[in-house]
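Worksheet: one structure, shown below.
Each reported figure results from applying straightforward, stated rules to the coordinates on display, with no laboratory input. Being a predicted model, the structure only gives us computed values, none of them experimental. As a convention, Cβ positions derive from the backbone with ideal geometry for all residues, glycine included, and neighbour counts pool all protein chains shown.
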């Protein structure tokens, strides 16, 4: 049985919460006051328009007993939304961490991030490890609709604006990508591949038609027409992957379980460049971020790498204490651990399996700030309104901001 728990004082919280997303969010960068999908935006670049001030300090933390978090929070309207692996989906105040509402299901857990659009009247969408996709009311947590697949939902959904209303793209381990009407949950089209889909779908907005990208466990990158769900092309990548592709210009970027990292020109479609170690390659389970001509990705070899988007040359490599399965994001920041007066520039926020959350200078790969949370981070951070939110496998949600 599913049940929904409302926190006391919820009506007051709703009246004072800001709206969050801008009316026309950009396709390749998250707005400054929201993080609406696992990778921030349609193109999956992991970029944010937010400005943070380093060094960050703990603003609040919530410890949830006997549970684990394995995915990225999403943020909108001053509320953090995040599910755990024991069947609780939480809505918390961004400013305080206080519970707004909790949805609970006894049958499943939430291994997937949620996604939402800029309209608070529309539901957020989230899938569970039993393959059930739900549209949850953002104000109450009540179930507005359900859609069943036959496999676990492990990649976060993506919401695509269309003239007919927002559509939710949801991949399943039953090897299907479903396109749903966000308001009703009605199936609009379905596309199947040869093996599991563990990644989140990403989208390139183009005048000649939007394209959806899936990096599949069948060892191919799939290019799909967003309007119809029909195949537009695919490229062999030599092995499975569950990472979410990032899109910039005509290129998509992602790594594989075999340790290969690819840039694929989806207009040809063909491989533009790739890194494939001859032996002993470390798997990529981190999705890449793209900013300022660089592609940044974590590796299970306990490092963060930056490749040049144009030609694949490695620009820098920064060791980390633990393996980096969590996906990095890029945000504007002032200050650093050593110098609070450092002017605004791009930094990479990345977390690892040893519980380290670090800020790294985008252009040089040099460290700017770090925090040792303990525990383990399986998923990366979200950023909105100057705050950074991240959750551990040990059941703790952390929120950081500057100490001013």
Reciprocal of mean inverse Cα separation for segment 198-276 (Kirkwood radius, Å): 12.2
Two-decimal log10 I(q)/I(0) for segment 24-69, as the Debye equation yields it once each C-alpha is a single scatterer, q = 0.14 Å⁻¹: -0.51
Once the Cα gyration tensor of the chain is diagonalised, semi-axes √(5λ) in Å: 28, 27, 19
Tail beyond 15 Å, pair distance distribution of segment 149-204 (Cα, percent): 43
Rg(Cα) / (2.2 N^0.38 Å) computed for segment 121-181, rounded to two decimals: 1.07
Residue 162-residue 270 pseudo-label distance in nm [points 7 Å out on the Cα-to-Cβ vector]: 3.2
Gained length - residue 186 relative to residue 366, 0.36 nm times residue gap less alpha-carbon distance: 60.0 nm
Two-decimal log10 I(q)/I(0) for segment 275-347, as the Debye equation yields it once each C-alpha is a single scatterer, q = 0.13, 0.21 Å⁻¹: -0.44, -0.99
Gyration tensor verdict on segment 282-404 (Cα atoms; rounded if a/c is under 1.5, prolate if a/b is larger than b/c, oblate otherwise): oblate
Cα-based convex hull, segment 187-244, per residue volume (Å³, whole number): 80
Distance between segment 66-80 and segment 272-336 - C-alpha centres, whole angstrom: 24
Listed peptides 89-95, 195-201 by packing density, highest first (mean Cβ within 10 Å): 195-201, 89-95
Size-normalised alpha-carbon gyration radius of segment 71-128, reference 2.2 N^0.38 Å: 1.07
Residue 207/residue 303 FRET efficiency (R0 30 Å; Cβ-Cβ; nearest 0.05): 0.20
Part-to-part distance (alpha-carbon centres) for segment 118-185 and segment 200-258, which is given in Å: 19
Percent RCO, i.e. relative contact order, over segment 209-303, from Cα pairs under 8 Å lying at least 6 residues apart: 20
